[in-house]
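The values are calculated or read from the model by the stated rules, or taken from the named source; none is laboratory data. Small disclaimer: the values here were computed from a predicted structure and weren't measured. Every residue, glycine as well, gets a Cβ built from its backbone with ideal geometry; the counts of neighbours run over all protein chains shown.
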Amino acid sequence: MQQLNKIDWEKIDNLIPVVTQDSTTNEVLMLAYMNKEALELSLKTGYAHYFSRSKQRIWKKGESSNHTQKIDDILVDCDNDTILLKVTQNGVACHTGRKTCFFTKLESNEIVEDVKINTTSAYGIVDTLYHTIQERKNEDTTKSYTSKLLNGNQNSMLKKIVEEAGEFCFAIKDNNTDEAIYEAADITYHVLVALASKNISPDRVKQELARRFGISGIEEKNSRKV
């Protein structure tokens, strides 16, 4: 596509920032990034596709929630290194269920936009929990256990995973179903905290699990041997 050549891809290291704006109200909905393939898909389909740096893959906006963005116009700035995407937003733009991703005042931390849609069922509890953990990073460590884990000693954070894994094993050994479920939830939470500390999206774990389908466990393990 000739339009792709208007972008100075080398200058921006092959990822162009995209400001997404509501076509009717001109409200800024979100900021994301596109690589060449994402921009090409957006041009071909008429719906916004982005490249997720955390998931390390292209994603169609609304692929999980159906809160898609129909493209009305694509504008490039004077330096050919930023895109303004004007869209018709179906549902909400933010994973929190708010219309826009810009809803927190920097100085006061005041929330100025109400949640309009409960997005937990759309995104799944694991992804929702991961995003919540990410949001806790800069909170007061005396008030947030998650923030304390993320901002404290890394060994303490990792020790909790080992501790919860041990308790899960004992619950299984003792045939204690309720306790096994409780401990499995604890492990999941602490693993997500560790992933969040390195900004590794659980989507990448899902991608790895999907890659292993159709491959025997023995074959997969042998493929990792140096």
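For segment 43-69, taking the residues that are surrounded by 15 or more Cβ atoms within 10 Å (Cβ to Cβ) and among the basic types (K, R), the one that is nearest to K116 (Cα to Cα) is identified as K61. Based on this model, can you work out whether F102 counts as outside the structural domain of N14 (by the TED database), surrounded by 15 or more Cβ atoms within 10 Å (Cβ to Cβ) and of a type outside the set (S, T, Y)? Answer is yes for this residue. Within segment 92-116, if we keep just the residues that are touching a helix residue (DSSP H, G or I) at 6+ places or on another chain (Cβ under 9 Å) and of a type outside the set (S, T, Y), the residue that is nearest to S42 (Cα to Cα) turns out to be H95. Restricting the search to helices (runs of 4 or more DSSP H) fully inside segment 128-226 and requiring at least 2 residues that are at pLDDT below 90 gives 202-212, 217-223. Checking the stated criteria, T188 turns out to be within 22 Å of the chain's Cα centre (by Cα), polar (S, T, N, Q) and more than 30 Å from E107 (Cβ to Cβ).
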